[in-house]
Amino acid sequence: MNKKNISSSNSKIDLMSVLKYLLKWFSISSLVGVLVGSTSAFFLVTLDWATNTRENNLWIIALLPIGGLIIGLLYQFYGSDVVKGNNLILEEYQNPTKIIPLKMAPLVFLGTIITHFFGGSAGREGTAVQMGGSIADQFTSLLKLNQTDRKIILVIGISAGFAAVFGTPLAATIFALEVLVIGKMSYEAFLPSFLTAVIAHFTCLAWSVGHTEYSIPYHAIPELSLSTICWTILVGILFGLTALLFAKSIQFWSKLFNSLVKYAPFRPMIGGVVVALTVYLLGTSKYIGLGIPTIVDAFHIDLSKSDFFFKILFTSFTLGAGFKGGEVTPLFFIGATLGNALVWFVPIPVSLLAGMGFVAVFSGATNTPIACTIMGMELFGYESGIYLGISCLVAYFFSGKLGIYSSQIISSPKKFIYDRFKSMKLNKKQ
């Protein structure tokens, strides 16, 4: 056989391999996307019902300790092997041991709805990601996938849940790749992740479940200059430090509850007593639940300068006590309201500051600056991209070594910077 025939034969083999790969992952992505998109749509509808019911009957908040006890007992007797939540998915990606139990999905679903119904302060993305990861991982045994394919399955489960909840499929694709190892992405999973995110997003829309719309008016985006870049870097530092405070606060409350309350189901019950009493004393339900109305307001009107601090306190305490739900929507609240508060001395329009805070605090807390930049452009428009990108990147570097996911593996470049900083401190001591 001459060289021409060999080359032609190899080309055909390569083409067949590509077609098989595309067919395989399009089929899996379609199944996962539809399942997770439908489950997330049901979750969002149920969550809206829980939020509206609570806000129309504020006396329900007094029952938050009972809700906490129910969640504690559910996980004590049925969910001890899935209590790690998002961290379990990260650990299984890094060191595969066993299939994530499917029961993670209904348990976190129920736990989150109970948290919001009775008045805890939490988010929703953690729930969607856990449902997505556990549903997707069932295909590992069903299709007898190898370890490489199993990693891709976990990635697409994360992207499906994220895309369905927030309506940002491209950001969901990057988030699923970026969140697993800080500073390193698995590009072989990009196409399946994107396909699944898009399918999950449109599945959610097909169920007539929409998403909150935010906007940064075009006229609110200043001309790029040295001055605006410097101000953006400054607020990015503040957003990063705020993300660090949030992550440290969750760790603090979690350690405190674990050390003081030995029986796990009593932790959210006692936490519920404190949260309910605090809401009563403050006379407002502004800082519980998702807080979406306040997030929307942060782009347009003046808010209390302490809103971001109270949300940090309420959410970190709620999650540290053992209630269920995500951290991301509260991070949006914290970032947007902090940006709103900074307008008193930062000469940047309030809507752009709120938008930068919205994604930058999220970036710092999850160590995903690329995904957060893209998310901001998907939500607010691509015109603000340069400001969003700078603030997300700066917040990422100033948010500390680890964020809200303790099982993330830190890689370069952040690892390099913190290792150098650590060695400099050691040299000074010596």
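Residue pairs whose Cβ atoms lie under 6 Å apart, sitting 6 or more positions apart in sequence or on different chains, and linking a residue in the range 17-28 that is closer than 20 Å to I199 by Cβ to a partner that is surrounded by 13 or more Cβ atoms within 10 Å (Cβ to Cβ) and not aromatic (F, W, Y), are W25/P192.
Each row is one residue, and each column tells you yes or no for (1) in the same structural domain as Y21 (by TED's automatic domain parsing); (2) out of contact with any Phe, Trp or Tyr (no Cβ under 7 Å at 6 or more places or on another chain); (3) outside any helix (DSSP H, G or I); (4) not small (G, A, S).
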| position | (1), (2), (3), (4) |
| --- | --- |
| E91 | yes, yes, no, yes |
| L102 | yes, yes, yes, yes |
| H116 | yes, yes, no, yes |
| A128 | yes, no, no, no |
| G157 | yes, yes, no, no |
| A164 | yes, yes, no, no |
| I174 | yes, yes, no, yes |
| P192 | yes, no, no, yes |
| L195 | yes, no, no, yes |
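Against the definition (surrounded by fewer than 19 Cβ atoms within 10 Å (Cβ to Cβ) and at pLDDT 95 or above), how does E383 come out, yes or no?
On the way: surrounded by fewer than 19 Cβ atoms within 10 Å (Cβ to Cβ): yes; at pLDDT 95 or above: no.
No.
With respect to the stated conditions, I100 is farther than 30 Å from L63 by Cβ, crowded, with 22+ Cβ neighbours inside 10 Å, of a type in the set (A, V, I, L, M) and touching a helix residue (DSSP H, G or I) at 6+ places or on another chain (Cβ under 8 Å). For N258, the conditions (1) at pLDDT below 95; (2) exposed (fewer than 14 other Cβ atoms within 10 Å of the Cβ) are fulfilled apart from (1).
With the condition kept exactly as written, say whether any residue in the range 72-87 is more than 18 Å from G322 (Cβ to Cβ) and touching a residue at least 60 places away in the same chain (Cβ under 8 Å).
Here is the first cut: in the range 72-87, the ones more than 18 Å from G322 (Cβ to Cβ) are none.
Looking for residues that are more than 18 Å from G322 (Cβ to Cβ) and touching a residue at least 60 places away in the same chain (Cβ under 8 Å), one finds none in the range 72-87, hence no.
Residue-by-condition table, conditions (1) closer than 21 Å to S121 by Cβ; (2) among the polar types (S, T, N, Q); (3) more than 24 Å from the chain's Cα centre (by Cα); (4) part of a helix (DSSP H, G or I):
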| residue | (1), (2), (3), (4) |
| --- | --- |
| F26 | no, no, yes, yes |
| F42 | no, no, no, yes |
| D48 | yes, no, no, yes |
| T51 | yes, yes, no, yes |
| A62 | yes, no, yes, yes |
| G67 | yes, no, no, yes |
| G72 | yes, no, no, yes |
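For the range 232-270, a tally of residues being charged (D, E, K, R) and either outside the structural domain of A321 (by TED's automatic domain parsing) or in a loop (DSSP other than H, G, I, E, B) (or both) returns 1.
Kindly indicate whether any position in the range 20-30 is buried (at least 18 other Cβ atoms within 10 Å of the Cβ) and among the small types (G, A, S). So far as the range 20-30 goes, yes, one or more of its residues are buried (at least 18 other Cβ atoms within 10 Å of the Cβ) and among the small types (G, A, S).
Checked against the criterion of being touching a helix residue (DSSP H, G or I) at 6+ places or on another chain (Cβ under 8 Å) and at positive phi, the candidates G289, G283, G271 yield just one match: G289.
Mind telling me which of the residues V83, V45, V34 ends up being modelled with pLDDT under 95, surrounded by fewer than 22 Cβ atoms within 10 Å (Cβ to Cβ) and of a type outside the set (S, T, Y)? Don't jump to the end; show me each part of the working.
On the way: V45 fails: modelled with pLDDT under 95; V34 fails: modelled with pLDDT under 95.
V83 is the lone residue from the list that is modelled with pLDDT under 95, surrounded by fewer than 22 Cβ atoms within 10 Å (Cβ to Cβ) and of a type outside the set (S, T, Y).
Here is a list: V155, V181. Which entry is farther than 29 Å from H300 by Cα and modelled with pLDDT under 90? It is V181.
In the range 403-426 there is no residue that is within 15 Å of F299 (Cα to Cα) and either surrounded by fewer than 24 Cβ atoms within 10 Å (Cβ to Cβ) or at pLDDT 95 or above (or both). Checking L342, L353 one by one, the residue that is farther than 21 Å from K248 by Cα, in contact with a helix residue (DSSP H, G or I) (Cβ under 9 Å, 6 or more places away or on another chain) and surrounded by fewer than 24 Cβ atoms within 10 Å (Cβ to Cβ) is L342 and no other.
Can K24 be described as modelled with pLDDT under 95 and of a type in the set (K, R)? Answer is yes for this residue.
The combined condition, being surrounded by fewer than 24 Cβ atoms within 10 Å (Cβ to Cβ), at pLDDT 95 or above, assigned to a helix (DSSP H, G or I) and out of contact with any His (no Cβ under 7 Å at 6 or more places or on another chain), is fulfilled by G389.
Filter the range 51-64 down to the residues that are touching a residue at least 12 places away in the same chain (Cβ under 8 Å), surrounded by fewer than 20 Cβ atoms within 10 Å (Cβ to Cβ) and not β-branched (V, I, T) and list them by number. Residues satisfying the conditions are E55, L58, A62, L63. Given the structure, is I229 surrounded by 15 or more Cβ atoms within 10 Å (Cβ to Cβ), of a type outside the set (F, W, Y) and either at pLDDT 95 or above or assigned to a helix (DSSP H, G or I) (or both)? Against the criterion (surrounded by 15 or more Cβ atoms within 10 Å (Cβ to Cβ), of a type outside the set (F, W, Y) and either at pLDDT 95 or above or assigned to a helix (DSSP H, G or I) (or both)), I229 does not qualify.
The values are calculated or read from the model by the stated rules, or taken from the named source; none is laboratory data. Bear in mind that the values here come from a model prediction, so they are computed numbers and not experimental data. Neighbour counts are summed over all protein chains in view; Cβ atoms, including those assigned to glycine, are modelled from backbone coordinates with ideal geometry.
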